[in-house]
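**Q** Attaching a single structure in C-alpha cells format; questions to follow.
Each value in this text was obtained by applying a stated rule to the coordinates, not by laboratory testing. Quick caveat: nothing in here was measured; it's all calculated off a predicted structure. Positions of Cβ are generated from backbone atoms using ideal geometry, with glycine treated the same way; all protein chains shown enter the neighbour counts.
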Amino acid sequence: MARFDSCPDCKGKKQFECTSCRCGRCNASGVVAVRCSSCSDGAVQCSTCKGSGKILVKKGFFSDTYRTCSRCNGTARHACNTCQGKREVSGTCPSCNGSKRNTSCTNCGSTGKVSCSKCRGNGVVESEWSRSLHTQSVERLKLEHEKRSQKVIAMERQIFDLQEEYWGRGREGNIDGDLSYLRRNISEMEGEVAAIEEELDRRAGVGVAGAAQSFESQSTERLKLEHQKRQRAVLALEKRMNDLQEMYWGEGRQGDIENDLSSYRREVRTFSDEMAAIEKVLDQR
Ligand SMILES: [Zn+2]
Ligand SMILES: [Zn+2]
Ligand SMILES: [Zn+2]
Ligand SMILES: [Zn+2]
Ligand SMILES: [Zn+2]
C-alpha cells in the first residue's frame, strides 16, 4: 500500500494554469490579427507589368504591340503576397505583448500558475490506506505492525534461502529477477511498517512531523528524546529513499521516481526543521 497517491485534482502536476490573468484580447494565444503593413487594401501594384496592366510583346516602327498582363489580368494590381489579400496578418498581441497573460495578477502572483489546493502543491495526497490508519484502534495498529514485521522477516529469510540455492547449490535461473521481486515487497512492507509506527507515535502523543507544538514548554529531557526520535526517522527515510532509487535505477522499476522521492524529501525537511527548532530551544537553556 502506498502512503501517498497522486493528487486526483491536479493529477500530480501540483499546479494549474491561472485562469484570472489570461489575456482576453488574444484568448491567451499571444497573437492577434493586425493590419498588413505591405498593403492598404489587400492588393498591391502588379510587379510583373509594373502597374500598367499590359506587357510589351513586340516593339514596332509606328506602334508597339502589347498583351494583357496575365498576372493581374490587366487590372494592374494583384493580391498582396504578405497577407494573401486578407489585409490582416498574425502579429504580437499588443495587450499582453505576446506573453498571453496580463502582467499583474493577484491570483497567481503573475506567475501564470496557481498551486493545487487539494494537495497544497505537493502533487500527492495521503493514500486511502494511510488515512485508514487514523481510524484504527491502537490494538489493531499493533497487530498490523506485527503482521508486516513478520512478513519482512519471512521475506528476508526467503532471500537468504534463494541465494543459498543459486550460489550454494548451483540452481539455474534468474536470481536477480527473483531477488528484486522480494526486495521490492520488503521495501513496500517496510514503508507500511514505518507509516504504522508514525501513527502509533501520534497516538502516544510523542509528536511527529506536522504536529504543531511548542517545544518551549517541554522539559530538556523530553526535547532531547524528541530530537533523537526525529534523527532516527530521518535516517529511516533516507534508507527508504536509497531503496527507492535502487528500485528505479538498479532494478528498472517503472514510474515517477521524482514523485515518489518528493514525499520522502518533504518528510525529511519537516523533521529537519523541527530538529532545528528543538536545537534552538535547547541552546537557549
Ligand atoms: Zn493536487
Ligand atoms: Zn493569474
Ligand atoms: Zn500585371
Ligand atoms: Zn497585405
Ligand atoms: Zn494578448
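**Q** Explain nothing, just compute: Karplus ³J(HN,Hα) = 6.51 cos²θ - 1.76 cosθ + 1.60, θ = phi - 60°, for every residue of region 110-123 in order, whole Hz, x for Gly and Pro.
**A** So the Karplus estimates, Gly and Pro as x, are 6, 8, x, 10, 10, 5, 5, 7, 5, 10, 6, x, 8, x Hz.
**Q** Measure off 7 Å from each Cα along the Cα-to-Cβ vector at residue 201 and residue 181, then give the distance between these two points in nanometres to one decimal.
**A** 3.4 nm
**Q** Positive end of the dipole of region 128-196, charges at C-beta (+1 Lys, Arg; -1 Asp, Glu), about the Cα centre: which of 189, 138, 155 has its Cα farthest in that direction?
**A** 138
**Q** Another question about this same structure. Let's see if you can work this out: charge +1 on each Lys and Arg Cβ, -1 on each Asp and Glu Cβ, no other charges. What is the dipole magnitude of region 156-263 about its Cα centre, in debye to the nearest 20?
**A** So the magnitude is around 460 debye.
**Q** Still on this structure: I'd like the Karplus ³J(HN,Hα) series for region 88-102: coefficients 6.51, -1.76, 1.60, θ = phi - 60°, whole numbers in Hz, and an x wherever there's a Gly or Pro.
**A** For region 88-102, the Karplus curve yields 10, 10, 6, x, 4, 5, x, 6, 10, 6, x, 7, 6, 10, 6 Hz.
**Q** What residue among 163, 45, 228 has the largest mean-square fluctuation in a Gaussian network model of the chain, using Cα springs under 10 Å?
**A** In the Gaussian network model the winner is 45.
**Q** Determine the alpha carbon to alpha carbon distance for each of 13/118; 229/280; 54/86; 14/229; 14/100 and list only those over 23 Å.
**A** 54/86; 14/229
**Q** For the chain, what does the helix formula give at 222 nm: sum of -39500 (n - 2.57) over DSSP H segments with n ≥ 4, over the residue count, nearest 500 deg cm²/dmol?
**A** Taking each H run of at least 4 residues, the total per residue is -14000 deg cm²/dmol.
**Q** Let me check I have the definition right: for region 1-153, take the eigenvalues of the Cα gyration tensor, multiply each by 5, take square roots. What are those semi-axes in whole Å, largest first?
**A** Numbers: eigenvalues 1107, 72, 13 Å².
Square roots of five times the eigenvalues give 74, 19, 8 Å.
**Q** What span do the alpha-carbon atoms of the chain cover on each of the three principal axes, reported in whole Å from largest to smallest?
**A** The Cα atoms of the chain stretch 117, 62, 35 Å along the principal axes, largest first.
**Q** Okay, moving on. Just to be sure I understand: with springs between alpha-carbon atoms less than 10 Å apart, which residue in 145, 78, 134 has the highest mean-square fluctuation in the Gaussian network model of the chain?
**A** For the chain, modelled as a Gaussian network with Cα springs under 10 Å, the answer is 78.
**Q** Taking 0.36 nm per residue of separation and subtracting the Cα-Cα distance, what length does fully extending residue 265 through residue 64 add?
**A** Gain on stretching residue 265 to residue 64: 63.5 nm.
**Q** Which whole number in µm²/s is D for region 213-285 by Stokes-Einstein, with the Kirkwood Rh taken over Cα pairs at 10 °C and 1.306 mPa s?
**A** D, rounded to a whole number, is 116 µm²/s.
**Q** Continuing with the same structure: In whole Å and largest first, what semi-axes does the C-alpha gyration tensor of region 128-196 yield when each eigenvalue is scaled by 5 and square-rooted? Mind dumping the intermediate values first?
**A** Numbers: eigenvalues 208, 27, 7 Å².
One finds semi-axes of 32, 12, 6 Å for region 128-196.
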